[in-house]
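The values are calculated or read from the model by the stated rules, or taken from the named source; none is laboratory data. Everything numeric in this text was worked out from a predicted model, so none of it was measured. All Cβ positions, glycine included, derive from the backbone under ideal geometry; neighbour counts span all protein chains shown.
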Amino acid sequence: MTLLGIAAFFGLMILGAPIWAAMLVSGGIILVLDIGMPVEAAVSQLFIAIDSWLLLAVPFFLLAGNLMTEMGLAGRLFRFVENLLGHLRGGLPATGVLTCAIFGSLSGSSTATVVAVGSMLLPYMIRAGYDRKDALGVIAVSGTLGQMIPPSIYMILFAAIAQMDVSRLFLAGLLPGLVITLMLVLTAVGLSWFSDRKLRDKASPAELRRSFFSALPALAMPVIVLGGIYAGLFTPTEAAAVAVAYVMVMSVIFERRHVTLANLVRSAEAAATTTTIIFVILGGATVFANGLTFANIPQSFTLFMTSLPVGEHVAMLMILVIFLVLGTVLDPVPILYITIPIVFPVVLALGYSPTHFAILTVACMMVAQVTPPVGMSLFALSGYFNVPIATVMRGALPYFAALILALLILWSVPSLSTFVE
């Protein structure tokens, strides 16, 4: 029955069934027909999967990011970074990287980031002589930075699966996030260094100062949210709700003309849609993962990995390769919920740092978001700007390579993330 359940999963995937349905049917076959679990108990796993205080942070952070976009605060942020860097060689793509990094730290959503920053940056880069594919490529990869720089949706999901302290993971992601941001900025500057594209005039000190104070409400939000978490003022879930309230108040004060019922409804609908997708996948993946656990697959995998004549770092590299391969056929959320219950016991058995493993896993999920043919960021930009996905992929290749190099750096230098332990 276990083999039948696994065969059902791959069969449904080949037939094009939704990933949540494939995992739900497969896990249900194993739990009900092999383990003998009552159908009611198997179905209850769907509710148990999302019955988590920590997971309540997901819709709130998504809503905060959407409100930033719809109500104008994101535009203030972009104008400041563009005034700061836009006159430099490679300044516009570097502006895209830094804006994605900052905006990602506000929303934790890659989809919201690529759409928001893309709609602002693309016209600037095209007017400056950049090819459309180059502009879309830098946005696609840089949009994933919000999954490493806290607050990260993937870190929230990882912490919920592995029962870890998400505030510690948030703190551990700061230095890796800066390393990846630096790698992408260097790539952007390197690709533009020998070009003859026209540069905009340098912003005057007064203009730079005005744009900074204009963007200050947006720039202050990560400080308030993360500072409140680490000061013990509120939990990560409460911080997500605080983020929504903060954006609403700042929007009413500074962007009153954009505070409309239509923008509020549009933000809420987008957040609800993304949350629903995540939670439905989460439910199906939980049933599937529980089926695999009852079938002793994680235990067998742990025994196999710990018996290999290799060190813990090589074993970790092998796990990362598995993640990257899965990223070519699956979205990051099902990858997390399918693999973490299987590989996390291996990490603990090897004596490897669970914090470092969490950061490496999130970095692999960033790669998965821009790995063809199923990269979410690629499809988001392709659909929003109505361009072929191949165009986005070609522009993303140099930045994709930089992302892989950054992953190897994080793997080889554990202290970048384990300093919180």
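At-a-glance table
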| read-out | value |
| --- | --- |
| Residues satisfying the stated conditions in segment 11-64, i.e. without any contact (Cβ under 8 Å) to a residue 60 or more places away in the chain and among the acidic types (Asp, Glu) | Glu40, Asp51 |
| Residue that is nearest to Leu326 (Cα to Cα) [pool: residues in segment 354-388 that are surrounded by fewer than 17 Cβ atoms within 10 Å (Cβ to Cβ) and of a type in the set (Val, Ile, Thr)] | Val374 |
| Residue that is surrounded by the fewest Cβ atoms within 10 Å (Cβ to Cβ), among those in segment 1-16 that are aliphatic (A, V, I, L, M) and modelled with pLDDT under 80 | Leu3 |
| Whichever residue in segment 17-36 is among the small types (Gly, Ala, Ser) and surrounded by fewer than 18 Cβ atoms within 10 Å (Cβ to Cβ) and, among such residues, is modelled with the highest pLDDT | Ala21 |
| Unique match (being surrounded by fewer than 17 Cβ atoms within 10 Å (Cβ to Cβ), closer than 22 Å to Met68 by Cβ and in contact (Cβ under 8 Å) with a residue 40 or more places away in the chain) among Arg210, Arg200, Arg256, Arg266 | Arg266 |
| Residue within segment 230-243 that is more than 22 Å from Ile156 (Cα to Cα) and either in a helix (DSSP H, G or I) or among the charged types (D, E, K, R) (or both) present | no |
| Residue match in segment 174-189 (condition: small (Gly, Ala, Ser), in contact (Cβ under 8 Å) with a residue 24 or more places away in the chain, closer than 30 Å to Leu405 by Cα and in a helix (DSSP H, G or I)) | yes |
| Tally, over segment 53-81, of residues that are of a type outside the set (A, V, I, L, M, F, W, C), surrounded by fewer than 24 Cβ atoms within 10 Å (Cβ to Cβ) and either in contact with a Phe, Trp or Tyr (Cβ under 7 Å, 6 or more places away or on another chain) or under 17 Å from Thr275 (Cβ atoms) (or both) | 1 |
| Per-region count, segment 70-88, residues closer than 25 Å to Leu403 by Cβ and at pLDDT below 80 | 3 |
